[in-house]
Structure formats: structure tokens, C-alpha cells
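Student: Could you have a look at this structure, given as C-alpha cells, before my questions?
The values are calculated or read from the model by the stated rules, or taken from the named source; none is laboratory data. Small disclaimer: the values here were computed from a predicted structure and weren't measured. Here the Cβ positions follow ideal geometry from the backbone for every residue, glycine too, while neighbour counts run over all protein chains shown.
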Amino acid sequence: MKSRIAIQLGLALACALLVGMNRASADFQVYDLDVANTTGLGGPIYGTATVYDAAGANEAGLSSGQLKIVFQISPNTATTNDVGFNLKGDPTITNISITGNNPSSFTLAQPPNSSMSGFGKFDYEASTNGQTNNPTSVTVVFTTPGTATIDQFRQLSDGGTSEFFAAEYNPHFTPNTTGFVGGSTSELNIESTAVPAPPSAVIALTGLMAFGVVGLRRRLRRSRASVVVSCCQ
């Protein structure tokens, strides 16, 4: 009886570790900004829009009810001073924080919609109001009422090419050329990362699995021996 309990305990703990490691994963979505409203901007990928919710709090540093979006313009090729996104249901968002990797002052326009050339109207638009010190990366963190999930960002713009996201694009190599780039629904790229288990957890998992398997084999051997003895008597 003791050996059976030990075997079950070893296998149960190993399974628990596996479940715990699986729950440690942090999911997010990356959208390519791969559509332009004019020629001469470079490409074919102009940057990305990455969205997070509190389920990936270990990575995004969010609390329940918060969402985060990061616009990253292709490094060393362009800057942006205007980004737009949508949310399902057009909720009024609060506790808004907008930062760029260059010192800039942002304001956020909420519904009614703001138009971004070539890509229609977006519910939410963060802009630097014409400042010249524009960033290559813009991060917007906010609180939304109700359940906050990254699926809320999957809302198409109105009256244009129907994108989830758009950003003004100011390339360095052609200073007098500006345009807008957007996130295409057909180029959606969903990524997932798992938080690596510490070495001690891996060692413990391996030991527990081995312990359970060895114990199970011993029990099977004893059962077979018992059957042989019974048949011979």
C-alpha cells in the first residue's frame, strides 16, 4: 500500500509541475504594419503593433482590466507622430499612459472616430501634436471597463482599407515624404512565449517522473511474481 501511495504521489506531483509550467505562459499578439497609403516609404514591413492583456502580466506588467499596445516603427528607418487603434464597443478608457522612446508629449483622442489617411477612421488616436522630436516606438497603456482581453483590439476601421491599426510614417531616407502604414488582417501573426522553468523545477520534474516510473515497474514485477507463485501452488 505504501509503495502504491508513493508512486501515485510522484506521478501526481510531476503532473502538477507540468500544469504549473503551462500556466506560466504569457500570450500576446503581433500584427505586421505592412500596408502603405503611398509609394516611396520602403517596406514591405514598416513596423509592428503588439497587444497585451493582463493574462501576460509577467511580461507586460499589467493588472486586471488593463490593456497595452506597442507601436514599433522599423528601427533606424522612420519615426511616427500619430498612431491609431480600435476597441470593440468603443468603450471610454481611463488611466491612460502614453510614452515614446524619444521625449514626446502625447494626447489621446477617444470616440468619435479620428480619420487616418487611407485607412479610414479609428476609435483612438495618440499624437504628438506636430512636435518634431518624434519617436520610433509608442506605448499606450490604459484601463477599459468590463473584461479586458487582446481580442478587443480586433476591430476594423471604418471608411478606408479596414485595418486594425495605423501609424503615420516619416522615413529618414526621404525626409520630405510622409505617409500612413497599417496592420493588415491577412498578415496577422500570433505569437506565444512560455516563461522558462527554473533549472530546479526541471530537475524536480525529472526526478519525480523517474521515481514514479521506476516504482510502477517494481510494482508490476511483484504482481507478475505473485501470479507465477499462485499458479505453481
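Student: Residues of segment 139-153 being farther than 27 Å from Asn101 by Cβ and either surrounded by 20 or more Cβ atoms within 10 Å (Cβ to Cβ) or of a type in the set (S, T, N, Q) (or both), which ones? Step through it out loud before you land on a result.
Tutor: Residues of segment 139-153 that are farther than 27 Å from Asn101 by Cβ, as a first pass: 145-147, 151.
Thr147 - this is the single residue of segment 139-153 that is farther than 27 Å from Asn101 by Cβ and either surrounded by 20 or more Cβ atoms within 10 Å (Cβ to Cβ) or of a type in the set (S, T, N, Q) (or both).
Student: Give me the residue from segment 50-79 that is part of a loop (DSSP other than H, G, I, E, B) and within 15 Å of Asp34 (Cα to Cα) and, out of that set, modelled with the lowest pLDDT. Before you say what the answer is, go through the steps one by one.
Tutor: Our first condition is that a residue be part of a loop (DSSP other than H, G, I, E, B); within segment 50-79, this holds for 61-65, 74-77.
The next check asks that each one be within 15 Å of Asp34 (Cα to Cα); those that pass are 74-75, 77.
Working: Ser74: 85, Pro75: 68, Thr77: 78.
Across segment 50-79, the extreme among qualifying residues is Pro75.
Student: Just the residues that are under 18 Å from the mean Cα position of the chain (by Cα) and not hydrophobic (A, V, I, L, M, F, W, C), please, taken from segment 64-83. It would help to see each step written out before you state the result.
Tutor: We begin by selecting, within segment 64-83, every residue under 18 Å from the mean Cα position of the chain (by Cα); these are 64-73.
Passing the criteria: Ser64, Gly65, Gln66, Lys68, Gln72.
Student: Which of the residues belonging to segment 105-125 are closer than 25 Å to Ser63 by Cα and over 20 Å from the mean Cα position of the chain (by Cα)? Break it down stepwise before answering.
Tutor: Of the residues in segment 105-125, the ones closer than 25 Å to Ser63 by Cα are 105-111, 123-125.
Answer for segment 105-125, where residues must be closer than 25 Å to Ser63 by Cα and over 20 Å from the mean Cα position of the chain (by Cα): Ser105, Phe106, Thr107, Leu108, Ala109, Gln110, Pro111, Asp123, Glu125.
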